[in-house]
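Below is one structure, written out as structure tokens; the observations come after it.
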Amino acid sequence: MKKFSLYSTGDRLLIIYAVMFLSFLYIPVLFLPLFSFSKSQYMMFPISDWTLERYVTMWHKTKLRDALFASIKVGIFASIISTILGILVARAMTRYIFPLKKPVLGFIMLPIAFPEIIMGVGLLIFAIFAGMQLSLITVTAGHVLICLPFSVLILISRFEGFDKSLEEASLDLGENAWQTFRRITFPIVASGILASVLLTFTISFDEFLIAFFLSGEDPTLPIYIYGQLRHVKNIPYMLALGSIILLVSFVTISFAEWIRRRGMKNKKLSGLFE
């Protein structure tokens, strides 16, 4: 009598591959929080003394706080601007038919595949020739460029399948375009907008190369961390800071993806009752 197997051979191989891939991807990263609790300045096994001192005292560093607030400001503005632009692009791509539609979308998505170091050099040259002073404003502009494709991807998935008759009914009842968007369109795509804001904020907050080329006297947090790693005594503090950033980024991206999937699920459920 054959035993019933829950998984086929192909399923088992796929599970093994997934475990190996995730292990390769995340096990090295987990050394970051592990050594952040070590009292030694050097990363070595075994860890004899455990401490929370780095987590407690690193916030007393003024330059660290300034860099943190700079990254938060850049992330907020970059996420809001890229999401607003993403709404316009996603709406145009899902509602209207116009010449060169696919090439235009491909051009908008180009920063995803384009090497960031080349993009950073190009933006730096453009800023110099345009007479722009390097500051958090130039960093924000660069971050909008790399965040926009991710915003567009999220929002296109939310705008697809949108029932145009709801907007047409609103317009027929006397509402203008803005009132229709605020009362009809926005509540339906709100989950996608929130997911876009959270994801693009995380991308901007963690981004290094563009900020490295475009930042002026006010460094963002990744630039500050890079500068501190040249001094051995600061490495334990950077490990602690990196652990916090890792945790916050993981929670934010997971929450954004949960919101996006919940919005897609609600859209499918609503379609069943139409």
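The values are calculated or read from the model by the stated rules, or taken from the named source; none is laboratory data. As the structure is a prediction and not an experimental result, all values here were calculated from the model. Here the Cβ is made from the backbone with ideal geometry for all residues, glycine too, and neighbour counts use every protein chain on show. Protein only, heavy atoms only, side chains kept; ligands, DNA and RNA dropped before computing areas. Shrake-Rupley method; radii C 1.70, N 1.55, O 1.52, S 1.80 Å.
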**Q.** Among residues of the stretch 58-76, those that are loosely packed, with under 11 Cβ neighbours inside 10 Å and not in a helix (DSSP H, G or I), counted
**A.** 0
Q | Verdict on Met119 being aliphatic (A, V, I, L, M), over 24 Å from the mean Cα position of the chain (by Cα) and at pLDDT 80 or above | A | no
Q) Are any residues in the stretch 122-152 closer than 16 Å to Phe205 by Cα and either at pLDDT below 90 or more than 15 Å from the chain's Cα centre (by Cα) (or both), and if so, which ones? A) Ser135, Leu136, Ile137, Thr138, Val139, Ala141
Q: Scan the stretch 208-219 for residues that are open to solvent by 10 Å² or more (accessible area, probe 1.4 Å) and either in contact (Cβ under 8 Å) with a residue 60 or more places away in the chain or touching a strand residue (DSSP E or B) at 6+ places or on another chain (Cβ under 8 Å) (or both) and jot them down.
A: Leu209, Phe212, Phe213, Ser215, Gly216, Glu217, Asp218, Pro219
Q: Kindly provide the set of residues from the stretch 226-244 that are crowded, with 17+ Cβ neighbours inside 10 Å and either without any contact (Cβ under 8 Å) to a residue 40 or more places away in the chain or under 21 Å from Gln133 (Cβ atoms) (or both), ordered by number.
A: Gln228, Asn234, Met238
Q: Filter the stretch 19-37 down to the residues that are assigned to a helix (DSSP H, G or I) and under 22 Å from Met58 (Cβ atoms), then identify the one that is most open to solvent (accessible area, probe 1.4 Å).
A: Leu30
**Q.** the stretch 164-196 - residue that is at pLDDT 75 or above and among the aliphatic types (A, V, I, L, M) and, of those, farthest from Val152 (Cα to Cα)
**A.** Ile188
